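A short worksheet on the structure shown next.
Please treat every number below as a calculation from the coordinates, not as lab data. Keep in mind the model is a prediction, meaning the values are calculated, not measured. Reconstructed Cβ throughout: ideal geometry from the backbone, glycine too, with neighbour counts over all protein chains shown.
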Amino acid sequence: MNKEILTLEEAAELFNVSVKTFIKLLKEEKVPARKIGREWRFSRQALIEWLSKGESHDYSASEGDTKEYFNEIAPKWEEIRKGYYDESIKNHLVGLGMLNKKMTVIDLGSGNGYISIAVAEYVKKVIAVDISKEMIKELKKNARSNGIKNIDTLESDGLEIPIEDEAVDMVCANMYLHHIEQPEMAIKEINRVLKPQGLIFLSDFYEHNDMELKEKMHDLWPGFNECKIKRWFADNGFSGIKITKVNENVKNTGQTPNVNIFALTANKRL
Ligand SMILES: C[S@@+](CC[C@H](N)C(=O)[O-])C[C@H]1O[C@@H](n2cnc3c(N)ncnc32)[C@H](O)[C@@H]1O
């Protein structure tokens, strides 16, 4: 690579790190860069100079906090979860009639298996992906006690799923996206692992202002605006995007009106 002006991807490549790690660095350090319109541009020379002047600095990752939090509360998650949402989301998913016995489905941010356990009987295989080792342990226990044998688990960051391109028929993600600093990166990764025309089911909070809820749950996003999330999916390779309100209010923690939940469905564009 001998260009003088680099894009975000090229700058990450120059540093030999993933784009995700590079974005983190960009946020936490004074990396020489300019945002021109919506695009980042970097001077190759300035980046090399910046790198060579630096001292070792152990920058923190917000995923680290999320992982720690969910590892800690994993044995109590079932109880905590029931305090916020009931069975309606998974019932909604099953009721959509999208699942079938030939499918391999990823449950992203699976936790202790709220979605995995519910869909396992309707599909060939579930791959439960979660960054928290303790959540995965709880999921395995739940699967065992329900006699379910078609759930594989992967302890992994959902932004770098160790699965090849176009490998699965469907990705489900319940209450995952609001833990991701750069949701569009997560959407790109979902797109990557899906077969052409593969399905996404993503449920999360509508944008809210219950900051007590956000703090308590270690959320990075206070839910999502419907137009914005539709645009993110459209911009990252999805079509047929539909959003419906799931018939359930989140149990409110503060003084604000109830927080609602949406379910988004879409197909990977051909
Ligand atoms: C609010 S819980 C939801 C769990 C489950 N989907 C449910 O509905 O009960 C969010 C889950 O996402 C996981 N998570 C957060 N960030 C993640 C990441 N970057 N990659 C994979 N999993 C992540 C957490 O460990 C946690 O288990």
* Structure fact -> Sorted largest first, the Cα spans of region 149-270 on the principal axes come out in Å as 45, 30, 28
* Share of alpha-carbon pairs per 10 Å distance bin for region 26-148, given as whole % -> 11, 29, 21, 16, 18, 5
* Structure fact -> Non-local residues with an amide H under 5 Å from the amide H of F238, with H modelled 1.01 Å from N and Pro and chain starts lacking one, are R269
* Residue order, fewest to most beta carbons within 10 Å, for S132, S145 -> S145, S132
* Whole-number Å³ per residue for the convex hull built on Cα positions in region 64-268 -> 104
* Asked: Listing F262, F205 from the residue with the fewest other Cβ atoms within 10 Å to the one with the most, what is the order?
  -> F262, F205
* Asked: Of the beta bridges DSSP finds with both residues in the chain, what % are antiparallel, to the nearest 5?
  -> 50
* Asked: What order, most packed first, do the peptides 109-118, 39-48 have when packing is the mean number of other Cβ atoms within 10 Å of each residue?
  -> 109-118, 39-48
* To do: Please list 192-202, 67-77 highest first by mean number of surrounding beta-carbon atoms within 10 Å per residue.
  => 192-202, 67-77
* Structure fact -> Flagged as over-length at 18 Å C-alpha distance, from K101/K125; K137/K188; K125/K149; K188/K228; K124/K195, the pairs are K137/K188
* Structure fact -> Long-range amide H partners of V171, meaning residues 5 or more apart or on another chain whose placed amide H is closer than 5 Å, are I106, L199, I200, F201
* Normalised per residue, the volume of the convex hull around the Cα set of region 5-55 (Å³) -> 73
* Asked: Among V17, V259, which comes first, second and so on when ranked by fewest other beta-carbon atoms within 10 Å?
  -> V17, V259
* **Computed [θ] at 222 nm, deg cm²/dmol, the chain (DSSP H ≥ 4; -39,500 (n - 2.57); rounded to nearest 500)** => -10500 deg cm²/dmol
